[in-house]
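Enquirer: What follows is a single structure, and I will ask about it in a moment.
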Amino acid sequence: MQERVAMGGNLQEVEQKVNRDLLISVTGSVPKRFWVAVALMAFLAAAGFGAAGYVVAQGLGATGLNRPIMWAFFITNFVFWIGISHAGVMLSAILRLAQAEWRRPATRAAEIVTIFSLVNAMLFPIIHTGRPWRTLYWAFPYDFGRGIWPNVRSPLIWDPSAIITYLTSSVLFVYVALIPDIAVARDRTTGIRHQFYSVLALGWRGYPRQWRLQIIAGFLLSALILPIFVSVHSIVSWDFAVNQSVEGWHSTIFAPYFVIGAVHSGVSAVVTVMIILRFLFKWEDYIRPEHMDALGRLLIVVAITWFYFFAMEVTFGLFTLENAELGLRSMQFFETPYSTLFLVFIIAAFFFPVPMWMFKNVRRSFFWMTITTISVNIGMWLERFLIIIPGLARKQPLSFSWSTYAPSVPEILMVVGSFGFVGMSILLFAKVFPLIPIYDVKEGEILRREMKIGKVTIPAVIREE
Amino acid sequence: MAKQDNGRAKWSMVVDSDRCTGCQACVVACQAENNIPLNEEDIFKQRRAMSWIRIERYWEVPFEYTQHPKKPEDAPFDQVKARFLPILCQHCENAPCEPVCPVFATYHNDEGLNVQVYNRCIGTRFCANNDPYNVRFFNYWEPGWPETLRNQLNPDVTVRSRGVMEKCTFCVQRIRRTERTARKEGREVADGEHAPACVQACPTDALVFGDINNPDSRVSKLSKDARSYRLLEDQGTEPNIHYLMKVDPFLTEENGHE
């Protein structure tokens, strides 16, 4: 599915236009609506951090947690943001290895979404413990000198290991791809900003050897990051799947089910972010309907695979014919308020967006892609909520301790604030660094050039596959 | 995972549900002995009340009301019986709560006790999720006592701060005290020499505590009783607490007895 839509003019003009447009955030002035968006996001983030401070100061009594619902909004949000972070690898590593042309403008946005949602996700388990200063003792730096080692049987040890590995490799991945663009920014700035970019550009001059190393590093990191792509969310799913005592959690299908669910929500989030950035930075020439079209097709495949795993998870649960499992499922599907949430979840995550994406006009419409992808993420947030809460609320079989859960105001603020924090971080990153890979877009343009020899038109550059 | 006999005592308990009257004396005794914060009304409404031992009350209806199309709630009230089940930490040999703790704040010691190390706990609450008996309690608030109760606190027991998981210890402070006394006097700990607060307070002698490795102790004899069973045995947790079934004098083969 290659569409050869090249920009007008000769190559030099195109390159100048690309530099001008994509570096506008760095060298020129950004539209006013950019700062309005940053201010809004910062306000939400501040509310979230304020709520977190309140919870830490007051103790977890300020939340809606109780016994036996010991995990709720914080963990839901943690799983949700880890899920969003899967977009980065999915879009850039896999599509880079597969050499999909249309990925070019999307990759860095996806990687940045990955990094900031990972950072954001890591905050939640720390706040969740109620005494964050104690959590540092658990994860970093661990005091091995006293001979007390972490319990490697616990999924909560696997979690930070997987997530920190993922974060490190994602940062490296973004940085390697960013070096040529930082060099472009370095050459077009003065003063303190020039020095800042000079340090980060690592002496990039664009020599062939440097390009070769950069490309090899990019490919190697893409390949190395792929196992992490599978492992991170599998490990997050084992936080639940190793629980023998919570009905509806101890399912062996959780790992692939969570991974594909993460891709579903992550790719949707990247589409949303790309459309917002296109609006804020006026990147109409770079993020075009055909990109939305391609992402929409990818989303259809991902969503249907996810639905298959969802259906299998329910089927496996019901297949046991255990009273406890049947009771839990009937509560998830038929008892208020979970029945309402379930209906919203399944419609928002699957039955509304997927038929919509079947239409080419929807896939090529920025408005409808925004609506459908936001809808997917509302649904996927509820999916995590519906996995975590009902199982704990009806912890079988000692029915004496059954409980219910209602989130408190600080918990809701923190969930809202997490969106603000990620949004603000992405926008500020886009102000400092070009969020559409400049060299990648130029490369795409070169590959799209055609030349006429006699009566035949052939590609100007032939790439070795 | 049967416990090997390592020459140490293995503390165990027998709960005779036939003798339990549901009086909750054990609950109060435990509360006083172990410095458990007061369960005031608002704490209770938040569903964060703590009681290391609790009496679960279930209603038992005649057998035919458990069969479709009859419903349990239609049973005539004079045939409905209240059943009491004291539930405390089962000190499982194969405890599900232990492997999930990332910092070893809960582990199994060589006397069969499932031990909680308060100052190592960081509050992930994973153990509470993986605990099928719901006997782990989290300090959501910093515990506080009225001024008049200050001197009531037990000096042998830590006061837990907020953010810490806690649960029944089998009154380990009492076990240690008796062991110390016995060692000082150069003798073995005798059966029934010490007991947790709940056992001591039980007016009907429904709770029996002792060393199950000692074949002559009351606990090891009672645990071999025909009525003996363990709670949620199908979960494979190998609990250290043995329950004795309720004896129903009116139960015959016609009304549901197997």
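What follows is calculated from the coordinates using simple rules that are stated; it is not laboratory data. Just so it is clear, the model here is predicted, and its values are computed rather than measured. Cβ placement follows ideal geometry from the backbone for every residue including glycine, while neighbour counts extend to all protein chains displayed.
Enquirer: Write down the percent of antiparallel bridges among all DSSP beta bridges whose residues are both part of the protein assembly as shown, to the nearest 5. All intermediate terms of the calculation are to be shown ahead of the outcome.
Expert: Details: 23 of 27 bridges.
Here the share of antiparallel DSSP bridges comes out near 85 percent.
Enquirer: If you don't mind, there's one more thing I want to ask. Using a Förster distance of 22 Å, how high is the FRET efficiency between A:Glu450 and A:Val301, based on the Cβ-Cβ distance and rounded to 0.05?
Expert: On the way: r = 31 Å, r/R0 = 1.39.
Approximately 0.10, to the nearest 0.05.
Enquirer: Work out the FRET efficiency for B:Val28 and A:Ser29 from their Cβ-Cβ distance, taking R0 = 60 Å, and round it to the nearest 0.05.
Expert: That gives a FRET efficiency of 0.25.
Enquirer: Next question, about the same structure. Which cysteines does chain B leave without a neighbouring Cys Cβ under 4.7 Å?
Expert: Singleton cysteines: B:Cys20, B:Cys23, B:Cys30, B:Cys92, B:Cys101, B:Cys121, B:Cys171, B:Cys202.
Enquirer: Report the full-extension gain for the segment A:Ser399 to A:Arg20: residue separation times 0.36 nm, less the Cα-Cα distance, to one decimal in nm.
Expert: Full extension of this stretch gives 129.9 nm more.
Enquirer: Please work out, to two decimal places, the log10 of the ratio I(q)/I(0) at q = 0.11 Å⁻¹ from a Debye calculation in which every Cα of segment A:162-287 carries one identical scatterer.
Expert: Taken in order of the listed q values, log10 I(q)/I(0) reads -0.61.
Enquirer: Work out the mean other chain Cβ neighbour count within 10 Å for the residues of A:150-157 and drop it here as an integer.
Expert: 6
Enquirer: Still on this structure: Give me the inter-chain shielding for B:92-103: mean count of other chain Cβ atoms within 10 Å, whole number please. Working shown, then result.
Expert: Values: counts 0, 0, 0, 0, 4, 1, 3, 6, 10, 6, 14, 13.
Averaged over the peptide's residues, the number is 5.
Enquirer: Modelled label-to-label distance, A:Leu11 and A:Leu213, 7 Å Cα→beta-carbon offset: nm?
Expert: 2.5
Enquirer: Fewest to most neighbouring Cβ within 10 Å: what's the order for B:His68, A:His86, B:His91, B:His242?
Expert: B:His68, B:His242, B:His91, A:His86
Enquirer: Going out from 0 in 20 Å bins, what whole percent of all Cα-Cα distances in the protein assembly as shown drops into each bin?
Expert: 15, 42, 27, 13, 3, 0
Enquirer: Sticking with the crude label model, points 7 Å out along Cα→Cβ, report the distance from A:Arg146 to A:Glu101 in nm, one decimal please.
Expert: So the two model labels end up 6.1 nm from each other.
Enquirer: Right, next: For segment A:155-262, which trypsin sites (Lys or Arg not before Pro) are in a loop by DSSP, counting at most 16 other Cβ atoms within 10 Å? Write down the numbers at each step before the final one.
Expert: Details: sites: A:Arg186, A:Arg188, A:Arg193, A:Arg205, A:Arg209, A:Arg212; in loops: A:Arg188, A:Arg205.
Passing sites in segment A:155-262 are A:Arg188, A:Arg205.
Enquirer: In what sequence do A:Val14, A:Val314, A:Val36 fall when counting other Cβ within 10 Å, fewest first? Walk me through the intermediate numbers first.
Expert: On the way: A:Val14 20, A:Val314 15, A:Val36 11.
Listing A:Val14, A:Val314, A:Val36 from fewest to most nearby Cβ atoms yields A:Val36, A:Val314, A:Val14.
Enquirer: In addition: Tell me what the protein assembly as shown gives for mean residue ellipticity at 222 nm when only DSSP H runs of n ≥ 4 count, each as -39,500 (n - 2.57), the sum divided by the residue total, rounded to 500 deg cm²/dmol.
Expert: Details: 23 runs with 356 residues, N = 723.
Rounded to the nearest 500, the figure is -16000 deg cm²/dmol.
Enquirer: Moving on. Could you give the angle, 0 to 90 degrees to the nearest 10, between helix A:409-432's Cα long axis and the longest principal axis of the Cα atoms of chain A?
Expert: Tilt of helix A:409-432: around 10 degrees.
Enquirer: Please rank A:Lys32, B:Lys246, fewest neighbouring Cβ atoms within 10 Å first, as an exposure proxy.
Expert: By the 10 Å Cβ count, ascending: A:Lys32, B:Lys246.
Enquirer: Give me, ordered by chain and number, the residues 5 or more places off B:Thr106 or on other chains with an amide H under 5 Å from its own placed amide H.
Expert: Long-range HN contacts for B:Thr106: B:Val117.
Enquirer: Please build a GNM for chain B, connecting alpha carbons under 10 Å apart, and tell me which residue among B:Gly144, B:Gly22, B:Gly163 fluctuates the most.
Expert: B:Gly144
Enquirer: Using only the Cα atoms, work out Rg/Rh for chain B, with Rh taken as the Kirkwood radius, to two decimals.
Expert: Working: Rg = 19.7 Å, Rh = 20.0 Å.
Here the Rg-to-Rh quotient is 0.98.
Enquirer: Where nothing but the Cβ of Lys and Arg (+1) and of Asp and Glu (-1) is charged, how large is the charge dipole of segment B:80-237 around its Cα centre, in debye to the nearest 20?
Expert: 340
Enquirer: What residues qualify as long-range amide H neighbours of B:Glu60, i.e. H under 5 Å apart, gap of 5 or more or another chain, H built at 1.01 Å from N?
Expert: Placed amide hydrogens put B:Lys81, B:Ala82, B:Arg83 under 5 Å from B:Glu60.
Enquirer: Something else: Would you kindly state how much longer the chain becomes between B:Arg150 and B:Glu188 on full extension, computed as 0.36 nm times their sequence separation minus their alpha carbon distance, in nm to one decimal?
Expert: Gain on extension, B:Arg150 to B:Glu188, equals 10.1 nm.
Enquirer: Please give the helix B:172-184 orientation as an angle from the longest Cα principal axis of chain B, in degrees from 0 to 90, rounded to the nearest 10.
Expert: Once rounded, one gets 60 degrees.
Enquirer: Right, here's the next one. Quote the FRET efficiency, to the nearest 0.05, computed for A:Ala46 versus B:Glu179 with a Förster distance R0 of 41 Å and r equal to the Cβ-Cβ distance. It would help to have the intermediate numbers written out before the result.
Expert: Numbers: r = 56 Å, r/R0 = 1.36.
Once rounded, the FRET efficiency stands at 0.15.
Enquirer: Counting only other chains, what is the mean number of Cβ atoms within 10 angstrom of the Cβ of each residue in peptide A:123-130?
Expert: 3
Enquirer: I need the shape label for segment B:117-258. Rule: rounded when a/c is under 1.5, else prolate if a/b > b/c, else oblate, with a, b, c from the alpha carbon gyration tensor.
Expert: It is oblate, given that a/c is not under 1.5 and a/b is not larger than b/c.
Enquirer: Oh, and also: What distance in nm separates the simple spin-label points at A:Phe319 and A:Thr340, each placed 7 Å from Cα in the Cβ direction?
Expert: Between A:Phe319 and A:Thr340, the label points sit 3.4 nm apart.
Enquirer: When the convex hull of the Cα atoms of segment A:29-459 is projected onto a plane and the area is averaged over all directions, what value comes out in nm²? If you can, show how the numbers build up before the last one.
Expert: Numbers: hull surface 101.2 nm².
Hull-based average projected area comes out at 25.3 nm².
Enquirer: If you don't mind, another one. Throw me the Rg/Rh for segment A:1-120, computed over C-alpha atoms with Kirkwood Rh, two decimals. Present the calculation step by step, with values, prior to reporting the outcome.
Expert: Details: Rg = 21.1 Å, Rh = 18.5 Å.
Here Rg/Rh amounts to 1.14.
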